[in-house]
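Asker: What follows is a single structure, and I will ask about it in a moment.
The values are calculated or read from the model by the stated rules, or taken from the named source; none is laboratory data. Worth saying up front: this structure is predicted, and the values here are computed from it rather than measured. Quick reminder, even Gly has a Cβ in these numbers, built from the backbone with ideal geometry, and neighbours come from all protein chains shown. Accessible surface is based on the protein model in full, side chains and every heavy atom, while ligands, DNA and RNA are left aside. Shrake-Rupley method; radii C 1.70, N 1.55, O 1.52, S 1.80 Å.
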Amino acid sequence: MTKIKFYNTLSHKKEFFKPLKDRKVGLYTCGPTVYFYAHIGNLRTYLFEDILKRVLEYNGYKVKHVMNITDVGHLTSDADTGEDKLEKGARKERKSVWEIADFYTKQFKEDLKALNIKKPDVWIRATKTIKQQIDLIKILESKGFTYRINDGIYFDSSKIKGYNQLLCKKKANLKAGARVKMVKGKKHPTDFALWKFSPKGKKRQMEWDSPWQKGFPGWHTECVVMSIKELGIPFDIHCGGIDHIPIHHTNEIAQAKAAYGKMLARYWLHGEFLVLEKARMGKSEGNIITLNDLTKRGFLPLAFRYLCLMAHYRSKLTFSWQSLKAAQNSLNNFYKKALEFKSAIATGKNTLYRDKISKSNKYKKEFLTEINDDLNMPKALALAWKVIEDKTCPKREKYRILLDFDKVFGLGINSLKMGKIPDKIKKLVQKREKYRKEKKWEKADLIRKEIEKTGYKIEDTKNGPKVAKISYF
Ligand code: AMP
Ligand code: ZN
């Protein structure tokens, strides 16, 4: 069996993966800050994490996946200045913070479902672990890692040896001056808030009593508490987008080291950003594309999943509507082929010959080589197309192979079915037939393309054209 190799941000190189406990894997992925819809950049990261989980499962591991929901404490700036994103969102929409958090959590879960992302085994909301977060800060305080200033309790990053461990050397040197805007009284630019005090004279919607002063937790503490609570310390894999490397994950590691003298997790995997052609996309910048924007333009959510599979998770993905269109076309073709192969199962004899078994085994082995090489999805996808085009492999065998690969791709091959044909499409088919009879091939072809764009496939048989809808779930 091919062993899995991951690029571990902690060691800055590819490493063989070895879990702590035999066939079990503890996986923690940083979840959304629920003050607005997730954008397609965020969703790219959740898709990468879903692929990671599926690859582990394909290799026979049992994964316990934990994801947090940040419903408090994430400020609009990473330098501990600015407002709490939730409180700001609530004011903008004239709703309570709790309503905002509930609404966007629900929306987020719907996005995951539409993208065929498997649900985490455990969801935890930050506001459900306030007591445990206070307990952790008390431990840090008792060990001398904290100090108090006007607006809160801070972590002294200079007390941690190798604080910048996650950063590669080049970036670590650049770091000191990186965060220019600093809270007054902070000793070092990299120190961070553990507990922020409620502003004087203002009542926050979310605030709690604490041994220090009424307030709320800083964002970096919740993930330490929740991951250890569910997975122990150390656990196997911790993930997020690359923006989490210099601040959020660095600060999680620092707190765990300070409190327990241990590394929080053994493998740290980070997904590169999705960017727009001209600009960075960010919720805070108010410059975002959501999954809803894609479906409003007639794209299937899974076309976005397909687009993400086409790029390696450690490469930047520049989003454009043209590239999404190309992904949608490839996905339509993928479905068309899978359906064609599936119908061969219904009609064909169900005998498996030795050479076919060895063919599937050969493809499965190649598939494992690609996916286990730091999740090389573009190559795995190319292999699936090689299977589709293999003239020597029987159709029903190809269907079985695609179904097997789809445990990792998650494109919903097992749910494909033919649907009913609406009148509008039937009329187009008739129109196309008329052009064909008149030998107006170009016009007939344009109509075929129009039909295909709506997710129908048309096949010319001896008995005339056959049309079918490809439906998904
Ligand atoms: P947030 O809701 O802002 O806490 O972000 C949720 C996840 O999305 C985190 O893992 C981020 O690292 C990730 N993320 C944020 N922006 C992007 C982007 N443009 N492309 C890919 N991932 C992103
Ligand atoms: Zn986190």
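Asker: Residues that are more than 10 Å from ligand 1 (Cβ to nearest atom), among the charged types (D, E, K, R), in a loop (DSSP other than H, G, I, E, B) and not assigned by TED's automatic domain parsing to the domain that holds D84: does segment 214-232 have at least one? Lay out the reasoning, then the answer.
Answerer: So in segment 214-232, the residues more than 10 Å from ligand 1 (Cβ to nearest atom) come out as 214-218, 220-232.
Right, trim to among the charged types (D, E, K, R) and you get 214, 222, 229-230.
If we keep only those that are in a loop (DSSP other than H, G, I, E, B) as well, we get 214.
Retained after the next criterion (residues that are not assigned by TED's automatic domain parsing to the domain that holds D84): none.
There is no residue in segment 214-232 that is more than 10 Å from ligand 1 (Cβ to nearest atom), among the charged types (D, E, K, R), in a loop (DSSP other than H, G, I, E, B) and not assigned by TED's automatic domain parsing to the domain that holds D84.
Asker: Is there a residue being farther than 27 Å from A303 by Cα, touching a residue at least 24 places away in the same chain (Cβ under 8 Å) and within 14 Å of ligand 1 (Cβ to nearest atom) anywhere in segment 105-121? Even if it seems obvious, please write down each step before you answer.
Answerer: Restricting attention to segment 105-121, the residues satisfying the condition of being farther than 27 Å from A303 by Cα are none.
The answer is no; no qualifying residue exists.
Asker: Within segment 233-252, how many residues are part of a helix (DSSP H, G or I), away from ligand 1 (no atom under 11 Å from the Cβ) and open to solvent by 10 Å² or more (accessible area, probe 1.4 Å)? Let's see the steps before the verdict.
Answerer: First, pick out the residues of segment 233-252 that are part of a helix (DSSP H, G or I): 242-252.
Now drop any that are not away from ligand 1 (no atom under 11 Å from the Cβ), which leaves 246, 250-252.
From the residues that got through so far, the ones that are open to solvent by 10 Å² or more (accessible area, probe 1.4 Å) too are 246.
Result for segment 233-252: 1.
Asker: Pull up segment 67-93, narrow it to residues that are of a type outside the set (S, T, Y) and assigned to a strand (DSSP E or B), then point me to the one that is surrounded by the most Cβ atoms within 10 Å (Cβ to Cβ).
Answerer: Step one: filter segment 67-93 for residues of a type outside the set (S, T, Y), giving 67-69, 71-75, 78-80, 82-93.
If we keep only those that are assigned to a strand (DSSP E or B) as well, we get 67-69, 75, 84.
Details: M67: 22, N68: 25, I69: 22, L75: 19, D84: 22.
Among them, the one singled out is N68.
Asker: Looking at segment 298-320 only, could you name the residues that are modelled with pLDDT of 95 or more and of a type in the set (F, W, Y)?
Answerer: Within segment 298-320, F304, Y306, Y313, F319 qualify.
Asker: Within segment 1-58, can you find the residues that are of a type in the set (V, I, T), assigned to a loop (DSSP other than H, G, I, E, B), modelled with pLDDT of 95 or more and within 16 Å of ligand 1 (Cβ to nearest atom)?
Answerer: Of the residues in segment 1-58, the ones of a type in the set (V, I, T) are 2, 4, 9, 25, 29, 33-34, 40, 45, 51, 55.
Among the residues that remain, those that are also assigned to a loop (DSSP other than H, G, I, E, B) are: 2, 4, 9, 34.
Checking the rest, the ones that are also modelled with pLDDT of 95 or more come to 4, 9.
Residue satisfying the conditions is T9 alone.
Asker: Among the residues of segment 253-276, are any more than 10 Å from ligand 1 (Cβ to nearest atom), assigned to a loop (DSSP other than H, G, I, E, B), charged (D, E, K, R) and outside the structural domain of L86 (by TED's automatic domain parsing)?
Answerer: Let us first name the residues in segment 253-276 that are more than 10 Å from ligand 1 (Cβ to nearest atom), namely 253-269.
Applying the additional criterion that residues be assigned to a loop (DSSP other than H, G, I, E, B) yields 261-264.
If we keep only those that are charged (D, E, K, R) too, we end up with 262.
Within this subset, residues satisfying the condition of being outside the structural domain of L86 (by TED's automatic domain parsing) are none.
No.
Asker: Output the number of the condition that L446 fails; it satisfies all remaining conditions of (1) modelled with pLDDT of 90 or more; (2) open to solvent by 100 Å² or more (accessible area, probe 1.4 Å); (3) assigned to a helix (DSSP H, G or I).
Answerer: With (1) modelled with pLDDT of 90 or more; (2) open to solvent by 100 Å² or more (accessible area, probe 1.4 Å); (3) assigned to a helix (DSSP H, G or I) applied to L446, the lone miss is (1).
Asker: Could you tell me whether segment 369-386 includes any residue that is touching a Ser or Thr at 6+ places or on another chain (Cβ under 8 Å), surrounded by fewer than 19 Cβ atoms within 10 Å (Cβ to Cβ) and either in the same structural domain as F16 (by TED's automatic domain parsing) or in a helix (DSSP H, G or I) (or both)?
Answerer: Yes, that holds for at least one residue.
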